[in-house]
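Student: One structure, pasted below without further comment.
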Amino acid sequence: MNKIMTLFEFEFKRIYKLYLVLIGVLFAGNLGVVAIKLHEHILHMNEVYNLPMEISVLKNPTGIERIIGCVKGNIYHLGNIVLGISVLICLLYAGIIWYRDYILKSKTIYTLFMLPQKRFNIYLAKLLTVVMMIYGLIVSQFLFWFIDLNIVKIFTGINSPGFTNIINDMIEGISLNIVSPYIIDFLMIDVIGVILAVIVIFTAVLIERSYKKIGIVLGGLYIVASIFIYFSLIFKNANYSDKLFVVHVSYYIVLFITSLFISNKLINEKAYL
């Protein structure tokens, strides 16, 4: 475990500056959403009620009512979109984290492969790096939502009880939640699902690196097959909640074991530099 954590620290040091930039972009995106929506409501108040184009009109009772609806809908929804884009960038990096070393043929990958340790530790360290990046973004987004709400509170003068009600409404807006409030769904989608997504991408990259001519086709097919089978099982058992859960867990276990087995085999025996 110490060796894996050492490799994780090494991997994170290589990317932390860009990762901080990504978090900064996520924060800027949130502020941009708030600014745009507040401006839209000021414009609406001007056009409909002939009120001046000033930020103070947001404290008008009608303005506050519209802002509450905005916070429960647009700001939260668009924040989800910004977060989703950031997570996709992290998943893209799940491939780049390997190709950066392989294609550029940097001394790093040679050094890591020559160390007196299991090559699979390198795989686990890279996996931990990407997964922690994604979880870090999700946690950051919740912090940014709280900041967004406080900005709205400052400009509208919403009292504390009203402010609390907005937060509760956002939490209860299950259809918009990127993180499920239900423990089973949270574990299946937001914890295990994230890890599996990264593992499948890693496995596809190692397949591509192991078979020079047809590797990219085989790697792509592995990702497509994993997704296709997953949704096929969901649609087939959508009307049977108990059975769907069992199928879900069974598929996750099979995909997890299969991907790790293939990855371990390839990184130790087939993957070339």
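Only the coordinates and a few stated rules stand behind these numbers; no lab work does. Since the model is a prediction, treat every value here as computed from it, not as a measurement. Using ideal geometry, Cβ is built from the backbone for each residue, glycine included, and neighbour counts are taken over all protein chains shown.
Student: Which FRET efficiency value, to the nearest 0.05, is calculated for Tyr16 and Tyr49 with the Förster distance at 41 angstrom and r the Cβ-Cβ distance?
Tutor: 0.25
Student: Phe261 to Ile151: FRET efficiency via 1/(1 + (r/R0)^6), r the Cβ-Cβ distance, R0 51 Å, to the nearest 0.05?
Tutor: Values: r = 49 Å, r/R0 = 0.96.
So the FRET efficiency works out to roughly 0.55.
Student: Full extension from Met5 to Thr62: what is 0.36 nm times the residue separation minus their Cα-Cα distance, to one decimal in nm?
Tutor: Values: separation 57, 0.36 × 57 = 20.52 nm, distance 5.43 nm.
Taking Met5 through Thr62 to full extension adds about 15.1 nm, to one decimal.
Student: As an exercise, use a Förster radius of 30 Å and the Cβ-Cβ distance of Val254 and Leu143 to find the FRET efficiency, rounded to the nearest 0.05.
Tutor: On the way: r = 36 Å, r/R0 = 1.21.
E(calc), rounded to 0.05, equals 0.25.
Student: List the trypsin sites (Lys or Arg not before Pro) in the range 203-233 that DSSP assigns to loop (not H, G, I, E or B) and whose Cβ has at most 16 other Cβ atoms within 10 Å. Which are they? Numbers along the way, then the final one.
Tutor: Values: sites: Arg209, Lys212, Lys213; in loops: Lys212, Lys213.
Passing both the DSSP loop test and the Cβ count: Lys212, Lys213.
Student: Tell me the label-point distance for the pair Val25, Met132, using the 7 Å Cα-to-Cβ offset, in nm and rounded to one decimal.
Tutor: Going by the 7 Å Cα→Cβ label model, 2.2 nm.
Student: Normalised radius of gyration for the range 180-273, please: alpha carbon Rg relative to 2.2 N^0.38 Å, two decimal places.
Tutor: Numbers: Rg = 15.0 Å, N = 94, 2.2 N^0.38 = 12.4 Å.
Taking the Cα Rg and dividing by 2.2 N^0.38 Å, one obtains 1.21.
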